[in-house]
Structure formats: C-alpha cells, structure tokens
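Scroll down for the structure; my scribbles are underneath it.
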2 protein chains.
Amino acid sequence: MGQETDAPRAAAEGPPRLRGVLAPVLTPFGPDLAPDPRRLAAHCRWLLSHGCAGLAVFGTTSEANSLSVGEREELLEALLADGIPAGRLMPGTGCCALPDTVRLTALAVRRGCAGVLTLPPFYYKGVSDDGLFRSFAELVERVGDRRLRVYLYHIPPVAQVGISPALVERLLLAYPRVIAGMKDSSGDAGNTRTMLDLFGGRGFDVFVGSERFLLAGMRAGGAGCITATGNVNPAAIDRLFREWRSPEAERLQAELDAVRGLVEKVPLIAGLKAMVAHHASDPGWRTVRPPLVELTSAQREGLLADLRQARFAMPGLGGR
Amino acid sequence: MGQETDAPRAAAEGPPRLRGVLAPVLTPFGPDLAPDPRRLAAHCRWLLSHGCAGLAVFGTTSEANSLSVGEREELLEALLADGIPAGRLMPGTGCCALPDTVRLTALAVRRGCAGVLTLPPFYYKGVSDDGLFRSFAELVERVGDRRLRVYLYHIPPVAQVGISPALVERLLLAYPRVIAGMKDSSGDAGNTRTMLDLFGGRGFDVFVGSERFLLAGMRAGGAGCITATGNVNPAAIDRLFREWRSPEAERLQAELDAVRGLVEKVPLIAGLKAMVAHHASDPGWRTVRPPLVELTSAQREGLLADLRQARFAMPGLGGR
C-alpha cells in the first residue's frame with residue numbers, strides 16, 4: 001500500500017525483502033465452506049506477533065488451490081482492509097491458467113505485497129523448461145511492473161511439475177530484478193544447496209519448505225523457511241532462525257523436529273486446523289474444503305494428547 | 001437450450017445420451033494467446049460433419065486447464081450462439097476449486113448440454129475417496145438440477161488423482177440419476193473392463209480415452225471413445241465405432257493405431273494443432289498456450305511427411 005503511484009526508486013522497487021519464518025496461512029471456512037476473512041485476519045495477526053516475519057497466504061497449506069481466483073482476491077483485499085501490512089505478505093498466485101496467475105499477481109503488486117510465491121502451471125505433466133520459461137516470462141511481461149518480485153514455488157511432491165536449476169538460470173538472466181528467490185519444498189537438502197550454490201550470490205533468496213531443513217538451509221546461506229507448521233509453532237521456529245549460529249542450534253532443531261513429527265502423524269493440513277481449533281476454542285476452524293477431509297475424532301484426540309504430553313502450547317491464541 | 005424452465009419429465013432429464021466418437025476439441029488461440037471462438041466453432045462444425053457424435057470441449061487436449069473459468073464460459077456461450085447444438089456438447093468442468101467446478105457445471109446444465117466431463121480436484125495428491133466423494137457430492141448438491149449428467153474423468157497419468165471403482169460405487173448409490181459414466185484415460189484396458197463389469201448394467205456409460213482401446217472397449221460394452229485424435233481422424237474412428245462387430249474390425253483398429261502412432265511421435269496437442277493448421281492452411285492454429293510449446297519445424301515437417309506417406313487427409317477442412 002502507499003506504493004501505487006510512480007514513486008522514487010526505492011519505493012518503486014518494493015518493500016524490504018522478507019527473511020525468516022513465513023507461514024502459509026491456514027484458511028478458515030464457515031459451515032458453508034465459504035472462506036472467513038475475519039478469522040483469517042485474526043490468525044495473521046497472531047502469527048505476526050508470535051515470530052512470523054511474513055505471511056505466505058494462499059499457499060498449499062492454505063488450501064489456496066481449492067479457492068477460486070475471486071475468493072483469493074476478496075481475501076487479500078479483506079486482509080489489507082483489516083490492517084495486515086502488505087509488506088509482510090507473499091501471496092501464492094500460481095494457477096494452471098496464465099490469465100489467473102497474471103490477475104492474482106498484478107493485484108498483489110498493485111497492493112504493495114513483498115512478493116508473490118508462484119507455482120508453475122501444474123496440470124500438464126512432463127512439460128519442458130521451454131514451456132515453463134515461457135509461462136513465467138509471459139507472467140512478468142503481462143504484469144509489467146518493476147515492483148514485481150517473484151519467488152518460484154518448487155514443490156514437486158504435490159505439483160509434480162518442478163523448477164530446475166536450468167530454468168532458474170534462464171529466468172535470472174532474463175529477469176534479474178524480478179526473480180527474487182524460491183521456496184524449495186522438494187524435501188531434498190541437496191537441491192537447496194544446489195540452488196544456493198548456483199544462485200545465492202545473485203540476489204536469489206532460498207526458503208526451505210519445512211523447518212526440518214531450517215538449520216541446514218541457514219548454514220548453506222538460506223533466507224529462512226516457509227513452513228506449514230509455522231501456523232502453530234512460529235516462535236520456536238523463529239528462534240532457530242535467529243540463533244542458528246549458536247551452540248544451541250542442534251538442540252533447537254531437534255525440538256522443532258519433535259513437534260513436527262507429532263503433527264505429521266496425521267494429515268498435515270487437517271491436523272494443523274485441528275490444533276488451531278483446539279487452542280482457539282473455535283471448533284469451526286477444523287473445517288477443510290474437499291478434496292481434503294477433517295481428522296477423525298480418534299486422530300484429533302491422539303494428536304492433542306501427543307501435544308499435551310510434549311507440553312506444546314499456542315499462547316495468546318484463545319484470547320480473541 | 002430450450003430446457004431452462006420446469007419442463008415435462010423427458011426434457012427435464014436432458015437430451016439423449018451421447019454414444020460414439022467425441023473429440024476433446026482443440027482450442028485455437030490468437031497471436032496474443034486469446035482463445036478464438038470463431039475458429040473454434042468452425043472446427044466444431046467440421047468435427048460434427050465428419051464423424052463426431054459429440055464434442056468434449058474443454059478437455060485435456062483443449063488446453064482447458066490453461067483457460068480461466070471466464071474464458072471457458074465465454075467460449076461455451078459463443079459456440080451456442082454460433083449454432084453448435086447443446087445436445088452434442090459434453091464440456092469439461094472439473095477444476096481444482098469447487099466454486100469453479102460448480103460455476104462451469106451449472107452453466108452447462110442451464111444451457112442444456114448433454115453432460116459434463118468432470119475431473120476430480122487435482123492439486124492435492126494422495127487424497128482419500130472420502131474427500132473425492134465429498135467433492136462430487138458438493139458439486140451435485142450445489143448445482144441442484146435434475147438435468148445434471150456427470151461423466152467422471154479418470155486420467156491418472158495427467159491429473160494424478162484418479163477415480164476408483166469404490167468411489168464410482170458410492171457415487172452411483174448416492175446419485176444414480178446424475179452419475180452417467182466415465183471417460184477412462186488410464187490407458188489400462190483392464191480398468192475399463194472392471195468399470196463396465198461393475199457398473200455397465202446400471203446406466204453407467206464408459207468411453208475409452210483413446211481409439212487404441214475402442215474395439216476392446218466396444219467388445220466389453222463401452223459407449224465409444226473420447227479421443228484427442230478425434231480432432232483429426234474422426235471419420236475413420238467413427239467407422240470402427242459403427243462396424244466394431246464386422247469382420248473388418250481388427251483391420252480398422254490397426255489402421256487407426258497406425259495413424260495414431262505417427263501423431264504420437266511428437267507431443268500430442270502441439271502435433272494435432274500442427275495437423276489442423278496444415279490442412280486448414282491456417283498457421284495460426286499451431287499456437288499453444290504455455291506451459292505447452294509448439295512443435296519445432298523439424299518435428300512438424302517430419303510429422304507432415306509421415307502423414308503424407310500414409311495418405312492421411314482431412315477432407316473439407318481447408319474449405320472455410
């Protein structure tokens with residue numbers, strides 16, 4: 001916000017780059033499965049005051065691909081109207097259809113978001129780097145705004161269509177001011193290192209896609225992590241981000257892994273929503289959109305019992 | 001068309017069921033990558049007059065997942081305005097987001113289309129049959145129109161999310177009048193037989209997803225095929241559909257396979273577009289949307305040479 005007019009160079013290049021812990025913010029739904037902007041904004045505020053440097057709204061964990069383009073636009077406008085700072089937002093904008101990706105990206109840029117996290121088009125499989133380059137090139141050209149800052153979203157286990165080093169190289173050569181980094185959700189620490197070794201010196205920020213890889217990622221020169229469990233455990237993840245050079249780092253990593261291990265015993269998105277629902281005393285938070293399903297009560301009770309035993313808490317969440 | 005009001009039972013149940021050869025109609029684009037409704041309608045007319053019983057517009061081959069919902073709506077309206085009969089149309093309507101799938105499906109039903117061909121939501125992988133059942137159930141309930149006729153689109157090589165026999169069973173039990181059949185693009189003749197053995201006696205029509213399986217599918221009780229190469233070779237494929245019981249059937253199948261084999265030497269969608277471009281003397285037909293790419297000139301020249309040698313023709317295509 002406040003950068004919509006032709007402004008001096010610094011402003012024209014957008015807000016400061018995000019580093020640290022970003023949460024792909026869970027999207028709350030009403031009983032009719034409509035997204036609820038009020039509860040979303042409240043969760044965003046909790047995240048920003050408990051360790052999140054930024055909010056990767058409309059990510060995989062946000063069930064964003066189960067939202068229409070219009071729903072995402074309305075939610076983004078509602079968050080901004082509610083006072084969530086645009087400079088802390090990195091909305092997901094990558095759709096199967098180029099016009100949708102352009103529309104969501106252009107809105108994010110107009111509103112002054114810190115960047116966009118963009119999936120490649122993911123319906124057609126086995127597509128070439130030529131075709132993916134052309135997708136991103138059309139996006140950059142059509143948005144046509146020098147404030148645009150694209151983070152490439154590499155999540156082959158879900159999208160099945162990935163971002164290769166050769167593709168990053170071509171994009172950085174063509175659009176060095178625009179291609180700002182990557183979220184690497186490959187689950188492959190070797191891939192993160194390759195991306196950092198090849199492109200880390202060229203203003204290309206790599207976020208690991210899970211806090212399991214946070215310490216390794218920081219040691220390799222990473223910018224932080226964008227992680228599902230950032231929705232429930234942001235302060236502890238942020239502490240490792242800030243203290244990764246300390247002698248405590250290995251222990252902090254092990255503690256993060258232990259919490260994540262408990263959540264990963266159940267389907268992740270439904271599990272995280274059950275945790276927010278429990279700690280916020282708001283059972284409606286459990287609702288997911290199809291094709292996902294809520295946890296069974298046995299799954300939910302098992303998860304909450306595990307977390308109690310581990311003395312896990314989400315302070316301040318129930319107070320709103 | 002003409003069935004938008006509360007009508008007598010026969011009309012309320014929609015137009016006659018489609019059987020035979022359906023083409024997932026290629027979508028022509030202009031130089032700016034905008035879809036071209038005029039050339040699309042012309043191609044639809046050619047298909048209907050050269051062997052296609054119906055038009056599965058907005059399928060995989062149509063690059064429909066590279067079109068926005070609004071673009072698909074505009075194209076459907078343009079086809080109907082251009083005189084393409086709704087009763088011959090089976091538009092693809094399955095998107096990742098339920099509101100999009102509902103919107104496209106509701107439009108098709110309001111306009112009197114013969115049915116809709118619906119992908120499961122395909123972003124999230126490893127989802128449960130419970131979640132997929134809930135997706136289709138929400139679709140049926142939200143559209144809420146007894147003219148709705150859903151053909152389930154099973155294409156695991158691309159969507160990665162498939163339709164299991166157990167899911168079909170549940171859907172048929174819940175919505176016997178609505179769940180009309182399947183396009184089986186698994187490439188697995190055993191799966192087609194399973195679906196026909198289990199559900200063929202219950203008004204569940206199975207179309208194979210390639211003419212390679214047409215003869216086997218018809219012998220197992222299938223309803224025809226919905227096939228990419230129906231865009232270029234519809235008359236010959238329709239001949240096998242009509243004559244599958246004749247002594248010539250094996251030879252006709254072999255001839256179809258030979259033509260398909262030539263096209264499959266190159267990327268299929270770009271290859272089919274190159275064929276239409278060549279036979280219609282309209283090079284603009286070659287254009288594909290990213291993430292697909294056009295054939296190289298070497299690929300194109302090789303394909304056209306192969307087809308000339310095989311004496312392949314598309315009569316009447318250049319005449320418009």
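Per residue and in Å³, how big is the convex hull formed by the alpha-carbon atoms of region B:71-180?
Dividing the Cα hull volume of region B:71-180 by its residue count gives 96 Å³.
Above 22 angstrom, tally the Cα pairs of region A:175-291 and express them as a % of all pairs, no decimals.
41
Charges at C-beta only: +1 for Lys and Arg, -1 for Asp and Glu. How large is the resulting dipole of chain A about its Cα centre, in Debye rounded to 20?
Here the size comes out at about 500 debye.
What is the ratio of the Cα radius of gyration of region B:179-230 to 2.2 N^0.38 Å, with N the residue count, to two decimals?
Rounded to two decimals, the normalised Rg is 0.97.
For region B:70-202, give the magnitude of the charge dipole about the Cα centre (Cβ charges: +1 Lys/Arg, -1 Asp/Glu; no others), in debye to the nearest 20.
The dipole of region B:70-202 has a size of about 360 debye.
Relative to the other copies, what are the label-point distances for A:Ala298, with labels 7 Å from Cα along the C-beta vector, expressed in nm at one decimal and sorted shortest first?
5.9
Express the Stokes-Einstein translational diffusion coefficient of region A:54-116 in µm² s⁻¹, to the nearest whole number, given a Kirkwood radius over alpha-carbon pairs, 20 °C and a viscosity of 1.002 mPa s.
It diffuses with D of about 188 µm²/s by this estimate.
How many nm is it between the label spots at B:Asp197 and A:Glu255, if each spot is 7 Å from the Cα in line with the beta carbon?
5.8
Where Rh denotes the Kirkwood radius from the mean inverse Cα pair distance, what is Rg over Rh for chain A?
0.95
If you average 1/r across every pair of different Cα atoms in the protein assembly as shown and take the reciprocal, what Kirkwood value do you get, in Å?
Its Kirkwood hydrodynamic radius stands at 25.9 Å.
Between helix A:297-309 and chain A, what is the angle of the helix's C-alpha long axis to the longest principal axis, kept within 0 to 90° and rounded to the nearest 10?
Between the helix axis and the principal axis of chain A, the angle is about 90 degrees.
Roughly how many debye, to the nearest 20, is the charge dipole of region B:141-218 about its Cα centre, given +1 on each Lys and Arg Cβ, -1 on each Asp and Glu Cβ, and no other charges?
280
Most mobile of A:Val293, A:Val276, A:Val102 per a Gaussian network model of chain A (Cα springs, under 10 Å)?
A:Val293
To the nearest 500 deg cm²/dmol, what mean residue ellipticity at 222 nm is calculated for chain B from DSSP H runs of n ≥ 4 alone, each contributing -39,500 (n - 2.57), summed and divided by the residues?
One gets -13000 deg cm²/dmol as the mean residue ellipticity at 222 nm.
Count, for each residue of A:262-268, the Cβ atoms from other chains sitting within 10 Å of its Cβ, then give me the mean as a whole number.
Shielding by partners across A:262-268 averages 1.
For helix B:268-279, report the angle its Cα long axis makes with the longest principal axis of the Cα atoms of chain B; keep it between 0 and 90° and round to the nearest 10°.
With both axes taken from Cα atoms, the answer is about 50 degrees.
Can you give the average number of partner chain beta-carbon atoms within 10 Å of each beta-carbon in peptide A:149-159, as a whole number?
Counting other chains' Cβ atoms within 10 Å and averaging over A:149-159 gives 1.
Within region A:137-160, what residues put their amide N at less than 12 Å from the label point 7 Å along the Cα-to-Cβ vector of A:Ala174?
It comes to A:137-142, nothing else.
Take each of the peptides B:30-40, A:282-292, A:171-181, average the number of other beta-carbon atoms within 10 Å over its residues, and list them starting from the highest.
Per-residue Cβ counts within 10 Å, averaged per peptide and sorted highest first, yield A:282-292, A:171-181, B:30-40.
Heavy atoms only, probe 1.4 Å: what % of the accessible area of the protein assembly as shown goes to carbon and sulfur, would you let me know?
Of the solvent-accessible surface of the protein assembly as shown, carbon and sulfur hold 52 percent.
Per residue of A:87-98, how many C-beta atoms from partner chains lie within 10 Å of its own C-beta, taken as a mean?
So the per-residue partner count for this stretch is 3.
List the residue from chain B whose beta-carbon is nearest to the axis that rotates chain B onto chain A, together with that distance in whole Å.
B:Gln160, 3
Can you give the angle from 0 to 90° between the axis of helix A:37-48 and the longest principal axis of chain A, with both taken from C-alpha atoms, to the nearest 10?
90
Label-to-label distances across copies for B:Asp145, with labels 7 Å out along Cα→Cβ, in nm, shortest first?
3.6
If the limit is 21 Å between Cα atoms, which of A:Lys265/B:Lys125; A:Lys183/A:Lys265; A:Lys273/B:Lys125; A:Lys125/B:Lys183; A:Lys183/B:Lys125; A:Lys125/B:Lys125 go over it?
Over 21 Å Cα-Cα: A:Lys183/A:Lys265.
Output, in nm with one decimal and in ascending order, the distances from the A:Pro16 label point to the matching label points of the other copies (7 Å from Cα along Cα-to-Cβ).
Here the equivalent label points are 7.2 nm apart from this one.
What whole-number distance in Å separates the alpha-carbon centres of region A:65-109 and region A:184-209?
Each part's Cα centre sits 25 Å from the other's.
Provide the buried accessible surface between chains B and A in square angstrom, both chains summed, 1.4 Å probe, rounded to the nearest 100.
3300
If I model a spin label at B:Glu248 and A:Ser281 as a point 7 Å from the Cα along the Cα→Cβ vector, what separation in nanometres do I get?
7.9
Apply the Kirkwood formula to region A:236-320: the hydrodynamic radius equals the inverse of the mean of 1/r over all pairs of different alpha-carbon atoms; give it in Å with one decimal.
14.0
Could you report the accessible area of A:Thr27 in Å², rounded to 10, computed with a 1.4 Å probe on the protein chains as they sit in the structure?
Only protein atoms counted, so the area is about 0 Å².
The values are calculated or read from the model by the stated rules, or taken from the named source; none is laboratory data. On a predicted model such as this, the values are computed, not experimentally measured, just so you know. Heads up, the Cβs are rebuilt from the backbone with ideal geometry, glycines too, and the neighbour counts pull from every protein chain shown. Keep in mind that these areas ignore ligands, DNA and RNA; they rest on the heavy atoms of the full protein, side chains included. Shrake-Rupley method; radii C 1.70, N 1.55, O 1.52, S 1.80 Å.
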